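Following: one structure in structure tokens, then a few remarks.
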Amino acid sequence: MELWYTEQHTPDVRFSINIEQQLCCKKSEFQRIDVFYSKEFGRFLALDGLMMVTEKDEFIYHEMITHVPMAVNPDIKQVLVIGAGDGGTVRELTRYASIERIDMVEIDKMVVEVCREFIPQTACRLDDERVHIYYEDGLRFVRDKVDAYDLIIVDSTDPFGPGEGLFTKEFYGNCYKALKEDGILVNQQETPYYTAYANSMRRAHQRIRAFFPICRAYQFHLPTYPSGHWLFGFASKRYDPVTDLYAERWNALGLETRYYNTELHKGAFALPNYVKELLEDE
Ligand code: SAM
């Protein structure tokens, strides 16, 4: 008998994966947490019925959310990661000896516990001595921080449920305050392809641009996300992500990556015309 995992990407579009077995099915106070095993994508985590991370393609997402800002400012030492319960973003950050502290603020402790047990591939570096995990709402955590971080990465779920507050003007304004004078904010910014997601992307971009002098978006391909075409936001108080790229310094680190490289870094910010129009001022 065949077993299929199906998620709804729009009211008229579904995405299905043939699965071998379900490894975990839990409900926290915030969301439903499932882990499945599939031949094509390996183990994968789904929250409230939406795929978050798969063993096969997580490297794309986690390399692009970390190495882009790290290649713009190689002197980043204090990092705040909001969400990121699977641990993949933290795993990539711990590869930099130059980083002194990583605060990870994940609202749902159960997500971390499930990923430690079932997806060690991403959760393998959460015990690094520089990592400090806070199980609370990122919106609240950032409220009283001032001039504290060089980099804030918002690796959240979509703008509904627990993640909703991480797409608000209040949150982005507090991130601006929490960042140092040359701070960088990178945030999960949805897809431009499907209308509902594109509207969230536009709103997030406009709200961030209200605070940051430099506010751009960059793209990558993630097969298991709606449409496969996904964006991250890049906002900064000082650095342009392309003209201030420190390619030689990053390449000299000799970090092995399977998706990110400093050529692709520049190309990722060259957006299709329809995406540029979506991001332009209303
Ligand atoms: N998108 C990532 C990926 O593809 O690898 C995975 C993201 S991670 C699983 C998203 C996390 O954000 C979830 O664990 C969720 O519990 C957390 N989250 C959602 N809202 C939050 C909030 N307000 N504060 C902190 N964490 C939050």
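The values are calculated or read from the model by the stated rules, or taken from the named source; none is laboratory data. Keep in mind it's a predicted model, so treat the numbers as computed, not measured. We place every Cβ from the backbone using ideal geometry, glycine too, and count neighbours over all the protein chains shown. Accessible surface is based on the protein model in full, side chains and every heavy atom, while ligands, DNA and RNA are left aside. Shrake-Rupley method; radii C 1.70, N 1.55, O 1.52, S 1.80 Å.
Kindly establish whether Leu231 is part of a loop (DSSP other than H, G, I, E, B), open to solvent by less than 70 Å² (accessible area, probe 1.4 Å), in contact with a helix residue (DSSP H, G or I) (Cβ under 7 Å, 6 or more places away or on another chain) and within 19 Å of Glu92 (Cβ to Cβ).
Spelling it out, it is not the case that Leu231 is part of a loop (DSSP other than H, G, I, E, B), open to solvent by less than 70 Å² (accessible area, probe 1.4 Å), in contact with a helix residue (DSSP H, G or I) (Cβ under 7 Å, 6 or more places away or on another chain) and within 19 Å of Glu92 (Cβ to Cβ).
Identify all residues within the stretch 149-202 that are farther than 17 Å from Tyr225 by Cβ, open to solvent by less than 30 Å² (accessible area, probe 1.4 Å), more than 10 Å from the ligand (Cβ to nearest atom) and not β-branched (Val, Ile, Thr); write none if there are none.
Tyr149, Asp150, Leu151, Tyr172, Gly173, Asn174, Cys175, Ala178, Leu179, Asp182, Gly183, Leu185
If only one of Arg249, Arg238 is out of contact with any helix residue (DSSP H, G or I) (no Cβ under 7 Å at 6 or more places or on another chain), open to solvent by 70 Å² or more (accessible area, probe 1.4 Å), assigned to a helix (DSSP H, G or I) and at pLDDT 95 or above, which one is it?
Matching residue, one of Arg249, Arg238: Arg249.
Considering the stretch 205-218 alone, what residues qualify as being surrounded by 20 or more Cβ atoms within 10 Å (Cβ to Cβ) and either within 14 Å of the chain's Cα centre (by Cα) or among the aromatic types (Phe, Trp, Tyr) (or both)?
Within the stretch 205-218, Phe212, Ala217, Tyr218 meet the criteria.
Looking at the stretch 23-39, which of its residues are polar (S, T, N, Q) and either surrounded by fewer than 20 Cβ atoms within 10 Å (Cβ to Cβ) or in a strand (DSSP E or B) (or both)?
Ser28, Ser38
Per-residue answers, yes or no, for (1) farther than 21 Å from Tyr61 by Cα; (2) part of a loop (DSSP other than H, G, I, E, B):
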| position | (1), (2) |
| --- | --- |
| Leu151 | no, no |
| Ile184 | no, no |
| Glu190 | no, yes |
| Met201 | no, no |
| Ala204 | no, no |
| Phe212 | yes, yes |
| Cys215 | no, no |
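Is the stretch 40-54 home to any residue that is out of contact with any Leu (no Cβ under 6 Å at 6 or more places or on another chain), more than 14 Å from the ligand (Cβ to nearest atom) and open to solvent by 20 Å² or more (accessible area, probe 1.4 Å)?
Yes; the residues of the stretch 40-54 include at least one that is out of contact with any Leu (no Cβ under 6 Å at 6 or more places or on another chain), more than 14 Å from the ligand (Cβ to nearest atom) and open to solvent by 20 Å² or more (accessible area, probe 1.4 Å).
Check Ala97 against each of (1) open to solvent by less than 10 Å² (accessible area, probe 1.4 Å); (2) outside any helix (DSSP H, G or I) and name the one condition it does not meet.
(1)
Only one residue in His67, His62 is near the ligand (Cβ under 8 Å from one of its atoms), open to solvent by less than 10 Å² (accessible area, probe 1.4 Å) and modelled with pLDDT of 95 or more, so which one is that?
From the options His67, His62, the qualifying one is His62.
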